[in-house]
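Chemist: Pasting a structure here, questions to come.
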């Protein structure tokens, strides 16, 4: 990596570097070695960051939208100019292999440029002689952005770009497990954005609580677990703060008997295991029609054996480690529970003693619907295969969850697949594809998978208030 990416990591508060009053370690999940010392923000520094964002808001929101759009597009230029460094650092702190890092970093570039083309127009809803009613979308103020550890750069951009285009300012807190790329982005943008428009602070759960409960924060945009999302809703309730929450999922995939088994097996493998299954919309429950269950299960296992798991920084590796020890231990517990309950492993299940948080690709054969590996979101490479032979039954089983983030249906009869998709309780349902996103397509969860929308004009509107202006012309009224 270049010198710019190897030097000390600092927070960005009011356009200036800030070191923490204490530090914590960033860990390489592939080796468990310390890779950097990370600044930990104090309560006073968090207050300074929010104050800087609040002070910057009037001038930033008053800028013509075209100027804000141009600066957001320039964020994409900065990421692209440092893409190689970002990809290497992302692999180092998050663990993902090269292909996954490319997907995330260049996706971030695209998101900046495309969100920068979006705007919300005022609308005249009534126009009569001497009277006009006009609806405007106005920015909210200071936005708190809190991002997760699975896609730390891209999901930060999903928040930064629309918030800034809409005219807000932001205090951004990355996950303490993956703070480095976000801190580095903040450093690079000090010369791009006006001081205070984007502040980046790092720390743990205590910092998150301070940020979401701060009196001057007007909106919270959070991506992470449903449990934490509940706490954020509680924190936001006191001051009636706006929230956008993209939370957990236990996403079903329904595979109909008419699919091309070999080709679909490869697609389903990556649907389930991309980013080592650390993906909120990974296919986490694979419902396979009984007529093709055995054949598809075999194809999945055979294909999985061709995939290399290892240090994402090494050439030829397809899937990296679990990102952090907390998640690693959770997955080991799930595997132990599956063994204790006599579940049948078609592949994997044994965690080695090698350094790093490595969990092997694990496929479990038709476990009971109430088993933990089915009912819980694993967020790691443990996939249950489930057999069905009745459409109404499989839809009921797919919907029998508190989550409703995404789902997929696979089959050659598109009309049948569409009919099934419309009955699934999820914010996004893909048919014969998966994990396709766009800055111009709405994304959000149902049930306990979240509130609000990201991406599209609906997502941009999440960062605004509606203001209705009613004007009566007194001269016209007197005429």
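The values are calculated or read from the model by the stated rules, or taken from the named source; none is laboratory data. Computed from a prediction, not measured in an experiment: that's the story for all the values here. All Cβ positions, even for glycine, are placed from backbone atoms using ideal geometry, and neighbour counts span all protein chains on display.
Chemist: Could you tell me how many of the residues in segment 194-207 are surrounded by 24 or more Cβ atoms within 10 Å (Cβ to Cβ) and within 21 Å of residue 164 (Cα to Cα)? Steps first, please.
Modeler: Going through segment 194-207, the residues surrounded by 24 or more Cβ atoms within 10 Å (Cβ to Cβ) turn out to be 196-203.
Filter again for within 21 Å of residue 164 (Cα to Cα), leaving 196-202.
Result for segment 194-207: 7.
Chemist: State whether one or more residues within segment 396-407 are assigned by TED's automatic domain parsing to the domain that holds residue 348 and under 17 Å from residue 269 (Cα atoms). Please lay out each step first, then the result.
Modeler: Step one: of segment 396-407, the residues assigned by TED's automatic domain parsing to the domain that holds residue 348 are 396-407.
When the remaining residues are screened for being under 17 Å from residue 269 (Cα atoms), the result is 406-407.
Yes, segment 396-407 contains at least one residue that is assigned by TED's automatic domain parsing to the domain that holds residue 348 and under 17 Å from residue 269 (Cα atoms).
Chemist: Please pick out the residue among 188, 183 that is more than 27 Å from residue 121 (Cα to Cα), out of contact with any strand residue (DSSP E or B) (no Cβ under 7 Å at 6 or more places or on another chain) and in contact (Cβ under 8 Å) with a residue 40 or more places away in the chain.
Modeler: Working: 183 fails: out of contact with any strand residue (DSSP E or B) (no Cβ under 7 Å at 6 or more places or on another chain).
Testing whether each residue is more than 27 Å from residue 121 (Cα to Cα), out of contact with any strand residue (DSSP E or B) (no Cβ under 7 Å at 6 or more places or on another chain) and in contact (Cβ under 8 Å) with a residue 40 or more places away in the chain leaves just 188.
Chemist: Let me ask something else. Looking at (1) in contact (Cβ under 8 Å) with a residue 40 or more places away in the chain; (2) in the same structural domain as residue 376 (by TED's automatic domain parsing); (3) touching a helix residue (DSSP H, G or I) at 6+ places or on another chain (Cβ under 9 Å), which is the one condition that is false for residue 217?
Modeler: For residue 217, the exception is condition (2).
Chemist: Within segment 250-272, is even one residue crowded, with 21+ Cβ neighbours inside 10 Å and out of contact with any strand residue (DSSP E or B) (no Cβ under 8 Å at 6 or more places or on another chain)?
Modeler: Among the residues of segment 250-272, at least one is crowded, with 21+ Cβ neighbours inside 10 Å and out of contact with any strand residue (DSSP E or B) (no Cβ under 8 Å at 6 or more places or on another chain), which makes the answer yes.
Chemist: Right, something else. Quick one: how many residues across segment 435-447 are assigned to a loop (DSSP other than H, G, I, E, B) and touching a residue at least 12 places away in the same chain (Cβ under 8 Å)? Steps first, answer last, please.
Modeler: Narrowing segment 435-447 to residues assigned to a loop (DSSP other than H, G, I, E, B): 435-442, 444-445.
Still in the running and touching a residue at least 12 places away in the same chain (Cβ under 8 Å): 435, 437-442, 444-445.
Of the residues in segment 435-447, 9 are assigned to a loop (DSSP other than H, G, I, E, B) and touching a residue at least 12 places away in the same chain (Cβ under 8 Å).
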